[in-house]
Amino acid sequence: MIVVDSTVWIDFFNGRSTKKSIILEKVMQYDRIVLLDLIKIELLQGTKTDTDFDKINQALSLLQLENSLDSSTISLSIEIYRTLRKKGITIRKTIDTIIAAYCINNGYTLLHNDRDFTNIGKCFFLKVL
């Protein structure tokens, strides 16, 4: 199972051919993608037009949607933030610690283009593409 972060989806939906959006195109053919509720919120909140909203919402509706906030994800998210902060690394967005914690707890791989996940992976076993 693969979780795709909004950083990759944004490039994909905007037609930007990046290393990660190309990986996403390949992953979509062969692997199951899980859509986290928080990522769906980020993507749909960021749409500028009703047309974009409808197009992206329709595409996302084909994916398996999972709710990311449970007690174990919350606990690990806190641990991730605090551990990295003690090492002098500040994660810029709480949502990134939640996404990472959910992936770690569920054994999911994360496809991302965000340095916060790279930093999390230095201290926690976060499988990434």
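The values are calculated or read from the model by the stated rules, or taken from the named source; none is laboratory data. Nothing here was measured: the structure is a model prediction, and the numbers come from that model. Counting neighbours? That spans all protein chains shown, and the Cβs are built from the backbone with ideal geometry, glycine included.
Which of the residues belonging to region 79-97 are in a helix (DSSP H, G or I), closer than 16 Å to Asn113 by Cα and either of a type outside the set (S, T, N, Q) or out of contact with any helix residue (DSSP H, G or I) (no Cβ under 8 Å at 6 or more places or on another chain) (or both)? If the condition is that a residue be in a helix (DSSP H, G or I), closer than 16 Å to Asn113 by Cα and either of a type outside the set (S, T, N, Q) or out of contact with any helix residue (DSSP H, G or I) (no Cβ under 8 Å at 6 or more places or on another chain) (or both), then Ile95, Asp96 are the ones that fit. In this entry, Ile120 passes the filter for residues that are more than 12 Å from the chain's Cα centre (by Cα), assigned to a helix (DSSP H, G or I) and surrounded by 17 or more Cβ atoms within 10 Å (Cβ to Cβ).
For region 98-117, which positions are assigned to a helix (DSSP H, G or I) and within 23 Å of Asp37 (Cβ to Cβ)?
Passing the criteria: Ile98, Ile99, Ala100, Ala101, Tyr102, Cys103, Ile104, Asn105, Asn106, Asp116, Phe117.
Just one of (1) out of contact with any helix residue (DSSP H, G or I) (no Cβ under 9 Å at 6 or more places or on another chain); (2) loosely packed, with under 13 Cβ neighbours inside 10 Å; (3) not acidic (Asp, Glu) fails for Val27. It is (2). If you take the residues of region 79-92 that are touching a residue at least 12 places away in the same chain (Cβ under 8 Å) and exposed (fewer than 13 other Cβ atoms within 10 Å of the Cβ), which of them is nearest to the chain's Cα centre (by Cα)? Top of the filtered list is Arg92. Just one of the listed residues (Leu65, Leu76) is touching a residue at least 24 places away in the same chain (Cβ under 8 Å) and not in a helix (DSSP H, G or I), namely Leu65.
Residues being under 13 Å from the mean Cα position of the chain (by Cα), surrounded by 15 or more Cβ atoms within 10 Å (Cβ to Cβ), in contact (Cβ under 8 Å) with a residue 12 or more places away in the chain and outside any helix (DSSP H, G or I) are represented in region 4-11 by at least one member.
Yes or no: Ile95 out of contact with any strand residue (DSSP E or B) (no Cβ under 9 Å at 6 or more places or on another chain), surrounded by 13 or more Cβ atoms within 10 Å (Cβ to Cβ) and closer than 19 Å to Thr7 by Cβ? The answer is yes for Ile95. Residue pairs whose Cβ atoms lie under 6 Å apart, sitting 6 or more positions apart in sequence or on different chains, and linking a residue in region 102-129 that is over 14 Å from Ser77 (Cβ atoms) to a partner that is surrounded by 17 or more Cβ atoms within 10 Å (Cβ to Cβ) and among the basic types (Lys, Arg), are Asn113/Lys20.
Take the conditions (1) farther than 13 Å from Val4 by Cβ; (2) modelled with pLDDT of 95 or more; (3) not β-branched (Val, Ile, Thr); Lys20 misses just one of them, which is (1).
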